[in-house]
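**Student:** I am attaching a structure below and will ask some questions about it afterwards.
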Amino acid sequence: MEAILCSQAEAGKMLSIGKTKLGELIARGELESVRIGTRHLVKIESVFKLAGVTPEQRERP
């Protein structure tokens, strides 16, 4: 089973952006996030969508 959430740090690394820009994208609704306890986690699907990665591209080795 694949993960559906990642930390903000992981999302930033995937997109090659810093914490400030990541926070801006979340605030504008361009990246979806959820809060679990004190952690803010980013939906991996929204990271792929923002980056323009299709499901077919994700399945490549």
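**Student:** Would region 24-38 turn up any residue that is at pLDDT below 95 and exposed (fewer than 11 other Cβ atoms within 10 Å of the Cβ)?
**Tutor:** Taking region 24-38 as the starting set, the residues that turn out to be at pLDDT below 95 are none.
No - not one qualifying residue is present in region 24-38.
**Student:** Could you pull out every one of the helices (runs of 4 or more DSSP H) wholly within the chain that has 2 or more residues that are out of contact with any Phe, Trp or Tyr (no Cβ under 9 Å at 6 or more places or on another chain) and hydrophobic (A, V, I, L, M, F, W, C)? Talk me through it step by step, then tell me what you get.
**Tutor:** Working: elements: 8-15, 19-27, 44-51, 55-58.
It comes to 8-15, 19-27, 44-51.
The values are calculated or read from the model by the stated rules, or taken from the named source; none is laboratory data. It should be emphasised that the depicted structure is a prediction, and the values quoted were computed from it without experimental measurement. For neighbour counting, all protein chains shown are included, and Cβ atoms are generated from backbone atoms with ideal geometry for every residue, glycine included.
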